[in-house]
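The values are calculated or read from the model by the stated rules, or taken from the named source; none is laboratory data. These numbers were taken from a predicted model, which means no experiment stands behind them. We place every Cβ from the backbone using ideal geometry, glycine too, and count neighbours over all the protein chains shown.
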Amino acid sequence: MTFGVGAFMLYMLFIIGELAWKAKAGRTGTMVLFFVLSFGMLGFIAKTVFEKLWGI
(Lines give C-alpha, C1' and ligand atoms only; values in the text may rest on other atoms or scores of the structure.)
Protein backbone atom coordinates (compact mmCIF):
# COMPACT_ATOMS: atom_id res chain seq x y z
CA MET A 1 0.00 0.00 0.00
CA THR A 2 2.75 2.47 0.92
CA PHE A 3 4.59 1.72 -2.33
CA GLY A 4 1.43 2.30 -4.36
CA VAL A 5 0.66 5.57 -2.62
CA GLY A 6 4.28 6.69 -3.06
CA ALA A 7 4.13 5.90 -6.76
CA PHE A 8 0.86 7.81 -7.04
CA MET A 9 2.44 10.79 -5.27
CA LEU A 10 5.28 10.82 -7.80
CA TYR A 11 2.73 10.70 -10.60
CA MET A 12 0.89 13.66 -9.06
CA LEU A 13 4.16 15.62 -9.00
CA PHE A 14 4.55 14.85 -12.70
CA ILE A 15 1.03 16.15 -13.35
CA ILE A 16 1.74 19.34 -11.39
CA GLY A 17 4.89 19.85 -13.49
CA GLU A 18 2.88 19.38 -16.68
CA LEU A 19 0.31 21.94 -15.48
CA ALA A 20 3.06 24.45 -14.77
CA TRP A 21 4.66 23.80 -18.17
CA LYS A 22 1.43 24.15 -20.16
CA ALA A 23 0.36 27.25 -18.23
CA LYS A 24 3.80 28.83 -18.78
CA ALA A 25 3.81 29.65 -15.08
CA GLY A 26 7.43 30.72 -14.83
CA ARG A 27 9.74 29.95 -11.95
CA THR A 28 7.72 31.58 -9.18
CA GLY A 29 4.41 30.24 -10.44
CA THR A 30 5.83 26.74 -10.72
CA MET A 31 7.12 26.88 -7.16
CA VAL A 32 3.75 28.10 -5.92
CA LEU A 33 1.96 25.32 -7.81
CA PHE A 34 4.25 22.65 -6.39
CA PHE A 35 3.95 24.04 -2.86
CA VAL A 36 0.18 24.47 -2.81
CA LEU A 37 -0.85 21.39 -4.77
CA SER A 38 1.59 19.04 -3.07
CA PHE A 39 0.97 20.36 0.44
CA GLY A 40 -1.55 17.56 1.06
CA MET A 41 1.15 14.95 0.43
CA LEU A 42 3.14 16.39 3.30
CA GLY A 43 0.69 14.89 5.80
CA PHE A 44 1.19 11.38 4.43
CA ILE A 45 4.97 11.77 4.47
CA ALA A 46 4.93 13.20 8.01
CA LYS A 47 2.73 10.34 9.22
CA THR A 48 5.15 7.79 7.80
CA VAL A 49 8.15 9.52 9.37
CA PHE A 50 6.45 9.75 12.78
CA GLU A 51 5.49 6.08 12.64
CA LYS A 52 9.10 5.12 11.93
CA LEU A 53 10.46 7.36 14.69
CA TRP A 54 7.97 6.30 17.35
CA GLY A 55 7.87 2.63 16.36
CA ILE A 56 4.12 2.44 15.92
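Worth a mention:
- Residues that are of a type outside the set (S, T, Y) and either at pLDDT below 85 or outside any helix (DSSP H, G or I) (or both) within the stretch 14-38 comprise K24, A25, L37, listed in sequence order.
- Filter result (farther than 16 Å from F35 by Cα and surrounded by 11 or more Cβ atoms within 10 Å (Cβ to Cβ)) within the stretch 9-22: none
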